[in-house]
Amino acid sequence: MVTLNERLHSTIDKYEAKDFSFYFERLDGMSEEMLTNHHHLYEGYIKKVNEILDDLKYADKNKANHNYSEDRSLLIDLTHNLNGVILHELYFSNLSEEISEPEQEFKTVIERDFGSWANYIEDIKSAAKCARGWAITAYNYRDGKIRNFAIDGHNINVPVFVRPLLVVDVWEHAYTLDYGTDKPAYIDAFFENTNWSVVSDRFEAALKHELGFMISQ
């Protein structure tokens, strides 16, 4: 069990952008210019999260209601921007210029849940084509299976009780500079640059924390 002291030390007062630019010039089929522009957008979400968190400190809680209130607006915008930060960080960090293979443990569970690795790739690519914002492969704590999900916005159709393993950004800003409207070609390029080692590590981390996600009987 994690102790209270261990939890108390792991906080931050202000969000800061992570730098992923070290590999931007080395990806095949994804230009440095496109990735740099994309990273600037992510930095914008960082800025807005910090602004919203500051504004929430002073929002009038006595006027809170579900029709319209400053508190409601800020809380909704917080989920949009915070998810924008986290999803982008997961996206950038599951890209790599180096070819990698999934760990056998992860691949075995994929084959159990999708029938084969080829079926999984077909399924996640289909989810990416369907999604209007993000496609993710995630470990579902409720049923113990790996599933693919289509997310239409940072805070729209976001599944709960799942752990993201692979994140694909399919907003138009993620690909139009290089591919125009050819979204499938971008998706193919993404999977040529996927860091399966990172994805496999996320799966192992999900399993290690599984007991912490138990639902009471």
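For the stretch 16-45, which GluC sites (Glu not before Pro) are both in a DSSP coil and crowded by at most 10 other Cβ atoms within 10 Å?
Answer by residue number: GLU16.
Among ASP169, ASP13, ASP123, which one moves the most in a GNM of the chain with springs linking Cα atoms closer than 10 Å?
Highest fluctuation among the options: ASP13.
Sort VAL167, VAL160, VAL198 so that the residue with the fewest other Cβ atoms within 10 Å of its own Cβ comes first and the one with the most comes last.
VAL160, VAL198, VAL167
How long are the semi-axes of the equivalent ellipsoid of the chain, defined as square roots of 5 times the Cα gyration tensor eigenvalues? Whole Å, largest first.
That gives 30, 24, 17 Å for the three semi-axes.
At R0 = 30 Å, how high is the FRET efficiency between GLU97 and THR11 if r is their beta carbon distance? Nearest 0.05 is fine.
Computed FRET efficiency for GLU97 and THR11 comes out at 0.35.
Which lysines, on any chain, are close to LYS47 with Cα under 25 Å apart, when same-chain ones fewer than 8 places away are left out?
Within the straight-line limit of under 25 Å, LYS47 reaches these lysines: LYS14, LYS18, LYS57, LYS61.
Which of ASN157, SER200, HIS39 sits closest to the plus end of the dipole of the chain, meaning its Cα is farthest towards the positive end, when Lys and Arg get +1 and Asp and Glu get -1 on the C-beta?
It is ASN157.
Fewest to most neighbouring Cβ within 10 Å: what's the order for HIS88, HIS38, HIS66?
Lowest count first: HIS66, HIS38, HIS88.
Going through the stretch 69-105, which GluC sites (Glu not before Pro) have at most 11 other Cβ atoms within 10 Å and a DSSP loop state?
Qualifying residues, ordered by number: GLU98.
May I ask for log10 I(q)/I(0) of the stretch 110-217 at q = 0.12, 0.13, 0.22 Å⁻¹, from a Debye sum over the Cα atoms as equal point scatterers with solvent left out?
Computed log10 I(q)/I(0) values: -0.43, -0.50, -1.26.
So between TRP117 and GLU25, what do we pick up on full extension, going 0.36 nm a residue minus the alpha carbon distance?
30.2 nm
Of ASN148, PHE190, ALA174, whose Cα points farthest to the positive end of the dipole of the stretch 104-213 (charges on the beta-carbon: +1 Lys, Arg; -1 Asp, Glu; origin at the Cα centre)?
After comparing all options, I get ASN148.
What's the magnitude of the charge dipole for the stretch 58-217 around its Cα centre, counting Lys and Arg as +1 and Asp and Glu as -1 at the beta-carbon? Answer in Debye, nearest 20.
720 debye
For the stretch 173-180, take each phi angle, set θ = phi - 60°, evaluate the Karplus expression 6.51 cos²θ - 1.76 cosθ + 1.60, and give the result in whole Hz per residue in order, putting x for glycine and proline.
Values per residue, Gly and Pro as x: 5, 6, 9, 5, 4, 8, 10, x Hz.
Would you check the stretch 104-213 for Lys pairs whose C-alpha atoms are within less than 19 Å, ignoring same-chain pairs closer than 8 in sequence, and give me the count?
7
No value in this document is a laboratory result; all are computed from the given coordinates. All of these numbers come straight from a predicted model, not from anything done at the bench. Neighbour counts run over all protein chains shown; Cβ positions are idealised from the backbone, glycine included.
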